[in-house]
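The structure under discussion appears below in the form of structure tokens.
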Amino acid sequence: MRRIYESRALEYDDEDPYAPKRTSDDERSRKPIDWASASHAFVPMRLRPRAVGVSVETNRQRYESDEPVRFRVSFRNRVPFPIALRTDSPVRWTWSIDGVDEASRVTNHPDDDSLFRFSRSETKTFERSWSQRFQESARRWEPASPGEYSLAVRVNVPDADDKGLTDETTFTIE
């Protein structure tokens with residue numbers, strides 16, 4: 001009589017005796033698809049920017065002097081699969097007041113590129129505020145004068161305007 005530890009019975013303890021045996025090829029075929037890599041490989045570079053929508057809005061249209069201007073920026077993947085955009089720097093998006101990036105005349109963005117990744121139908125929302133001051137140097141800030149200002153947001157890619165990766169709104173400082 002064979003002992004149980006000498007037989008192969010222990011190897012099949014948790015398996016269904018009527019199920020077919022799995023092979024290593026079956027295990028590989030059951031792994032989920034990495035859609036981020038697949039979409040990056042199959043979606044042409046020129047079509048990727050069309051998949052992402054950009055919007056910016058302030059919480060009000062009029063602000064008193066020295067009152068922070070609060071705004072919300074949203075980036076939305078409009079397609080049902082992941083998308084990645086190659087950006088010019090690790091800073092994936094930027095905002096500007098009347099064409100002055102982040103209200104600063106001091107440049108401080110590195111030159112390395114990066115990816116701005118979106119999962120399928122994802123919306124990324126960011127909230128920021130502007131103190132109504134423009135940075136003129138490392139230690140000098142100038143207050144904004146009363147008037148109408150334009151707040152623009154763009155994904156940090158070449159030709160963002162032509163690719164539809166920008167949005168703009170206006171507000172007034174009284």
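Computed with a 1.4 Å probe on the full set of protein chains, the accessible area for D88 sits at about 70 Å².
If the segment from T166 to R133 were pulled out straight at 0.36 nm per residue, it would be longer than the present Cα-Cα gap by 9.6 nm.
Per-residue accessible area (protein heavy atoms, 1.4 Å probe) orders L47, L165, L115 as L47, L115, L165, starting from the largest.
Remark: the S150-R78 segment gains 23.3 nm on full extension, using 0.36 nm per residue and subtracting the alpha carbon distance. Close amide H contacts of W141 (hydrogens built in the peptide plane, cut-off under 5 Å, sequence separation of 5 or more or a different chain): E136.
Residues whose amide H comes within less than 5 Å of that of W93, counting only those at least five positions distant or on another chain, are N156 (H built at 1.01 Å from N in the peptide plane).
Placing a label point 7 Å from the Cα of R50 along the Cα-to-Cβ line, the residues of the stretch 143-164 whose backbone N sits under 16 Å from it are 162-164.
The accessible-area ordering, largest first, of the residues Y63, Y149 stands as Y149, Y63, per a 1.4 angstrom probe.
Residues whose amide H falls under 5 Å from that of T87, counting only those 5 or more places apart or on a different chain, are S114, L115, F116, with hydrogens built in the peptide plane.
The distance from the alpha carbon centre of the stretch 131-174 to that of the stretch 71-88 is 21 Å, rounded to a whole number.
The values are calculated or read from the model by the stated rules, or taken from the named source; none is laboratory data. Keep in mind that what you see is a predicted model, and the values were worked out from it rather than measured. So basically every Cβ, Gly included, is an ideal-geometry build from the backbone, and we count neighbours across all protein chains shown. To get the accessible areas, we keep the full protein, side chains included, count just its heavy atoms, and leave off ligands, DNA and RNA. Shrake-Rupley method; radii C 1.70, N 1.55, O 1.52, S 1.80 Å.
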